[in-house]
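S.K.: For reference, the structure I am asking about is given below.
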Amino acid sequence: MNTKLIAHTHVSEGAQGWHRAAFEDIADRLADPGFPCVFSRNAFRKSLLKFIFVENSERSGLEHLAAGLKEYVELSREWDGHLDTAYPLAVAFSQDATKAQTVGEYHAFGWKVLQELHDLDPGPWPEEVGKDPNADAWSMCFDAMPLFCNMSSPAHTVRRSRNLGEHFFLIINPRERFDIFAGETPSGRKVRANIRNRIARFDSTPHALQLGSYGTGALEWYQYGLIEENAQRSDECPFKFRGA
């Protein structure tokens, strides 16, 4: 099979080894009625997830990821706009791919991966998206599509909602899906409030101070990798635009 992007049912029925272990972990989390992200739970229940498994963090592994992400973006361009057909992408990394132990080390690894993807990006950067992560109009892009990337790691013990088991995951969605279902509209604000209340219950701590809404002053990159503490942040984003 040449495709790098694997359908939910194909993984659930045929995955073996660490792929099976990673799938079972994420299945266990998303089957929990208390898991905060109702969109991910809905997608899991309907077997809509897409998967990419990354064996290593060498060039071959990252090229595999880039090829799979291109497939995902191409598929996402054909999305019909309905919640029941929205399919998050779960990118699972083998335990051999990273030696990270702490939340910070996993985040550093995640940003290294995103930087490599940017350097391998076959498409132009969208004109409407900022190139500086410290601009509120910035988001990660690939093949000309703005994306939201959630870093989830085994090191999270406080923010349990960002721990999907024993492997590092990037959960990726097209930016527009958040804008449609949880954007700056009355219904969108209601959805965000519900999810954040669920986060507080699931994690047994208030949601991160950095959570916000795109384009309203909240920096996207802070939300990709959440720190354990409820504290203000002043660290610099590791992501650098090509040639910057």
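Quick grid of which residues meet (1) farther than 24 Å from F53 by Cβ; (2) within 15 Å of the chain's Cα centre (by Cα); (3) not aliphatic (A, V, I, L, M):
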site	(1), (2), (3)
D84	yes, no, yes
Y87	no, yes, yes
S94	no, no, yes
V103	no, no, no
W111	no, yes, yes
L114	no, yes, no
V129	yes, no, no
M140	no, yes, no
F148	no, yes, yes
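S.K.: How about the range 56-66: which of its residues are part of a helix (DSSP H, G or I), in contact (Cβ under 8 Å) with a residue 40 or more places away in the chain and either open to solvent by less than 40 Å² (accessible area, probe 1.4 Å) or of a type in the set (S, T, N, Q) (or both)?
M.R.: L62, L65, A66 - these are the residues of the range 56-66 that are part of a helix (DSSP H, G or I), in contact (Cβ under 8 Å) with a residue 40 or more places away in the chain and either open to solvent by less than 40 Å² (accessible area, probe 1.4 Å) or of a type in the set (S, T, N, Q) (or both).
S.K.: While we're here: Residues of the range 126-141 being within 24 Å of S57 (Cα to Cα) and not in a strand (DSSP E or B), which ones?
M.R.: P133, S139
S.K.: Starting from residues that are within 14 Å of A21 (Cβ to Cβ) and part of a loop (DSSP other than H, G, I, E, B), keep the ones in the range 76-96 and report whichever is most open to solvent (accessible area, probe 1.4 Å).
M.R.: D96
S.K.: Identify, please: which residue in the range 133-156 is farther than 26 Å from L75 by Cα, of a type outside the set (S, T, N, Q) and open to solvent by 30 Å² or more (accessible area, probe 1.4 Å) and is, among those, modelled with the lowest pLDDT?
M.R.: Step by step, filter the range 133-156, then rank; the result is D136.
S.K.: Separate question: Considering only the range 15-35, how many residues are open to solvent by less than 40 Å² (accessible area, probe 1.4 Å) and assigned to a loop (DSSP other than H, G, I, E, B)?
M.R.: 3
S.K.: Can you pull out every residue in the range 1-14 that is without any contact (Cβ under 8 Å) to a residue 24 or more places away in the chain and either aromatic (F, W, Y) or not in a helix (DSSP H, G or I) (or both)?
M.R.: Within the range 1-14, M1, N2 qualify.
S.K.: Moving on. Which numbered condition trips up L69, out of (1) open to solvent by 10 Å² or more (accessible area, probe 1.4 Å); (2) at negative phi; (3) modelled with pLDDT of 95 or more; (4) touching a helix residue (DSSP H, G or I) at 6+ places or on another chain (Cβ under 9 Å)?
M.R.: Every condition holds for L69 apart from (1).
S.K.: Hey, can you tell me all the residues within the range 36-47 that are of a type in the set (A, V, I, L, M, F, W, C) and open to solvent by less than 10 Å² (accessible area, probe 1.4 Å)?
M.R.: Across the range 36-47, the qualifying residue is only A43.
S.K.: Among the residues that make up the range 45-66, is at least one of them among the polar types (S, T, N, Q) and touching a His at 6+ places or on another chain (Cβ under 6 Å)?
M.R.: Checking the range 45-66: at least one residue is among the polar types (S, T, N, Q) and touching a His at 6+ places or on another chain (Cβ under 6 Å).
S.K.: From (1) surrounded by fewer than 15 Cβ atoms within 10 Å (Cβ to Cβ); (2) under 30 Å from W18 (Cβ atoms); (3) modelled with pLDDT under 90, pick out the condition that doesn't hold for P186.
M.R.: It is condition (2) that P186 fails.
S.K.: Follow-up question, since we're still on this one. Mind checking which pairs have a first residue in the range 104-115 that is free of Cβ contacts under 8 Å to residues at least 60 places away in the same chain and a second that is open to solvent by less than 30 Å² (accessible area, probe 1.4 Å) and assigned to a helix (DSSP H, G or I), Cβ under 9 Å, 6 or more apart or different chains?
M.R.: Once the first residue is free of Cβ contacts under 8 Å to residues at least 60 places away in the same chain and sits in the range 104-115, its partners that are open to solvent by less than 30 Å² (accessible area, probe 1.4 Å) and assigned to a helix (DSSP H, G or I) give V113/L62; V113/L65.
S.K.: Something else about it: Could you please let me know if K50 is free of Cβ contacts under 8 Å to residues at least 60 places away in the same chain and either open to solvent by 50 Å² or more (accessible area, probe 1.4 Å) or under 18 Å from the mean Cα position of the chain (by Cα) (or both)?
M.R.: Against the criterion (free of Cβ contacts under 8 Å to residues at least 60 places away in the same chain and either open to solvent by 50 Å² or more (accessible area, probe 1.4 Å) or under 18 Å from the mean Cα position of the chain (by Cα) (or both)), K50 qualifies.
S.K.: Take the residues of the range 157-183 that are in a loop (DSSP other than H, G, I, E, B) and either modelled with pLDDT of 90 or more or open to solvent by 10 Å² or more (accessible area, probe 1.4 Å) (or both): which is farthest from A27 (Cα to Cα)?
M.R.: The residue in question is V158.
The values are calculated or read from the model by the stated rules, or taken from the named source; none is laboratory data. Just so it is clear, the structure is predicted and the values come from calculations on it, not from any experiment. Please note: Cβ atoms are built from the backbone with ideal geometry, for glycine as well, and neighbour counts cover all protein chains shown. The accessibility values were calculated without ligands, DNA or RNA, using every heavy atom of the protein model including side chains. Shrake-Rupley method; radii C 1.70, N 1.55, O 1.52, S 1.80 Å.
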